[in-house]
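Since the structure comes first, as structure tokens, the remarks are kept for the end.
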Amino acid sequence: MKAIKVNADYEVELFHGKTAPPIINHTIEFLALYLEDAPLWSTKNYSKEYLNHVASITRKEPRIVHSGPFENWWGPLKDLRVEREWNSKITSTQIIINQGWCKNTFIIHKAEDMSALKADVAYLLKDPYGMSGQRFQVLPQELDLQQKKELILKSLSYGSLIIEPLFHRIYDFSQYIFPDGKRIAYQNLVDSKFQYKGTVFKDYKDPTLENLPFFHRVSKKNWDNYKEQINQIIKSYKKLQNNAGFSIDSFVYEEGNEFKIRAMSEINYRRTMGRMSWELSSKYSGGKVWSGLYLFKYTGEEILWELLKYLENVKVLSPGDSRFEVLYLSARDEDEGIELLQKLRSLLPDAQFSIKL
């Protein structure tokens, strides 16, 4: 059986032809130990204690290899031209512009492309080829137009840019479309720097839009509009064959005392943390339908899986020496899930959660 490599630096290699520091892959690669039977190809030496902990959850002995052939598991890197088109934010932004969904969204290739920018709009500046949430820059409304343009010009020296309004984001969510057409919807937890910090399923067995925890807070009119836009997005991407699966990342924002939906912030043609959360739920929920995957920093001295081993329905997935700790939680329903999160708060006073639990 060929080993798998969790190439979390997929976008770096796809767009820049180089690999990122090993710590990027080490941040999440261990999650594959809970989902796959194949050996994990890694440059990291995992402790015997951690591998025993993995075995206690999976009921099988994890295998790590440090050399030999492997298959990429996070992103394929097989047809680079097609994968670049899938994953480039220029592709997804061009759809928004062509459909007329947002008059303040722009693709900036050169200084002249900034002519339509407005002084009274706060903008978000994006690298079209970066990993999710990375190399984003806020251009607040307080800056005058010249100051905004100067900052954009500075970033433009590194390549083309995406400019879109800085919305008052309330909820982040995604739909993942598998190669066979199956869709799952889930809420993502994102911090103030647009970095991923978790995924929540109200009912992973029925992962529909209607089962998003905040679904009822958005009007039917806005959900209907969102669904029409999503169908148009999927239609636009049909010219690119879906061999790997992809997510359409979206968010709910507040404008004029109304919750509206930005149908597409980006496309990720690869595995995602949301998809992995659903796969973990499918294997480890124990019949419970609510589930959550949480990333956070922990500075305590006690080994986390030892500290939490008596807390039912909580699984520590991380080895304790990666950038973030990762917890998987399951519960009978949303109310029980909230109670479980409250217990975690009290048990982990040294934990640094960058999102509200």
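The values are calculated or read from the model by the stated rules, or taken from the named source; none is laboratory data. Just so you know, these numbers come straight off a predicted model, no measurement behind them. No Cβ is skipped: glycine too gets one built from the backbone with ideal geometry, and neighbour counts run over all protein chains shown.
Details
- Output for the range 309-332, where each listed residue is free of Cβ contacts under 8 Å to residues at least 60 places away in the same chain, in contact with a strand residue (DSSP E or B) (Cβ under 9 Å, 6 or more places away or on another chain) and surrounded by fewer than 18 Cβ atoms within 10 Å (Cβ to Cβ): K309, R332
- Residue selected from the range 294-332 under the condition in a strand (DSSP E or B) and among the aliphatic types (A, V, I, L, M), by the criterion nearest to D191 (Cα to Cα): L295
- Enumeration of residues in the range 70-83 that are under 26 Å from A3 (Cβ atoms) and basic (K, R): K78
- Highlighted here are the helices (runs of 4 or more DSSP H) found entirely within the range 1-115 that include at least 1 residues which are under 23 Å from F246 (Cβ atoms): 10-16, 22-26, 80-87, 89-99.
- Residues that are among the basic types (K, R) and farther than 14 Å from A331 by Cβ, drawn from the range 195-215: K197
- Within the range 45-56, being touching a residue at least 40 places away in the same chain (Cβ under 8 Å), touching a Phe, Trp or Tyr at 6+ places or on another chain (Cβ under 9 Å) and under 20 Å from I4 (Cα atoms) holds for Y46, Y50.
- Unique match (being in contact (Cβ under 8 Å) with a residue 40 or more places away in the chain and out of contact with any helix residue (DSSP H, G or I) (no Cβ under 9 Å at 6 or more places or on another chain)) among H66, H26: H26
- You will find that of S192, S174, the residue that is in contact (Cβ under 8 Å) with a residue 60 or more places away in the chain, surrounded by fewer than 14 Cβ atoms within 10 Å (Cβ to Cβ) and within 15 Å of the chain's Cα centre (by Cα) is S192 and no other.
- Boolean, N87 is exposed (fewer than 14 other Cβ atoms within 10 Å of the Cβ) and either at pLDDT 95 or above or of a type in the set (A, V, I, L, M, F, W, C) (or both): no
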